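Okay, so here's the structure we're looking at.
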Amino acid sequence: MLKLKYLAGIATILLCHLSWADGFPDDLRVVTGVSFGYSDFSFDEKLDHNISFPSVSVPIALTSGNWQISANLQSTLQDADISEEEDVGKASRDDYDFTVGYRATQHWTLFAGYKYGKTSIQFTPRDSEDDDELMVTDESYKQSGPFIGVSYGWRFENAGSLNISVAYADLSATNNFSANTDDEDEEGESDEVIEFDDITGNVTGDTKGLSYSVSWTMPISSNLLFQTRLKLNDYQQDIDYQGTRFKDIDETFTSLHVGVAYVF
């Protein structure tokens, strides 16, 4: 929750500054709010099942004319339980993005920005749960980099607006892979073909892929908005490890949030 307080503090300072400053465009608007929902993370090459957790999203946007600058923080509200073959544990997820958009026509908007996402997991071997000394292993999957996209919107007289978008991301990945607890050194193991589960330590990779989103905004009053948004990140990662190249490793992140926003 510290991240949320930090972003809320930035929003408060920005709003106060805007209210006291002179020389801003007359049509400048600040939009911020909060939404809650669920997120789902899939990494089939490393995890036996998807990770699902409740999450919160806090956006803030400045609009003027056809331009918009926005930032968004999304974070888990509660750690998810992990259950692998030999391990149990907890997982969390944090995402940040900064976007600049330009409305080219009544319906089409072009945008670009920078994003960061990290999934963090703490594994505990099942056979160590009864030991006096608990063995905890940290693992994480992080991506960051630029993206560019386009969106198309419809406005309805009595039903708000509907917006769909697609974006392409070219990200750098940093993975911290822990060793599998069910792997034991065997004679001749070095002669075996390296599999993805054999990767350990800090490993970098290149991640590319598409993001899709559908959002609906409905005015509640002149300043208050109801919002809902479904978003899917579908990425593929390439990793080189000890002379072996693993291509198109799938990672997906899906989120559905519902909340309110206020226009200042």
Out of everything in segment 81-104 that is modelled with pLDDT under 95 and among the aliphatic types (A, V, I, L, M), what residue ends up being farthest from the chain's Cα centre (by Cα)? VAL88
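Residue-by-condition table, conditions (1) surrounded by fewer than 13 Cβ atoms within 10 Å (Cβ to Cβ); (2) modelled with pLDDT of 90 or more; (3) touching a Lys or Arg at 6+ places or on another chain (Cβ under 8 Å); (4) in a strand (DSSP E or B):
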site	(1), (2), (3), (4)
SER140	no, yes, yes, yes
SER144	no, yes, yes, yes
ARG155	yes, yes, no, yes
SER161	no, yes, yes, yes
ALA173	no, yes, yes, yes
THR181	no, no, no, no
ILE194	no, no, no, no
Among the residues of segment 79-119, the number that are among the acidic types (Asp, Glu), without any contact (Cβ under 8 Å) to a residue 60 or more places away in the chain, surrounded by 15 or more Cβ atoms within 10 Å (Cβ to Cβ) and farther than 30 Å from ASN66 by Cα is 2
Among PHE24, PHE36, which is over 13 Å from the mean Cα position of the chain (by Cα), loosely packed, with under 15 Cβ neighbours inside 10 Å and at pLDDT 95 or above? PHE36
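The values are calculated or read from the model by the stated rules, or taken from the named source; none is laboratory data. Predicted, not measured: the structure shown is a model, and the values here were computed from it. Cβ sites come from the backbone with ideal geometry, for glycine too, and all protein chains shown count toward neighbours.
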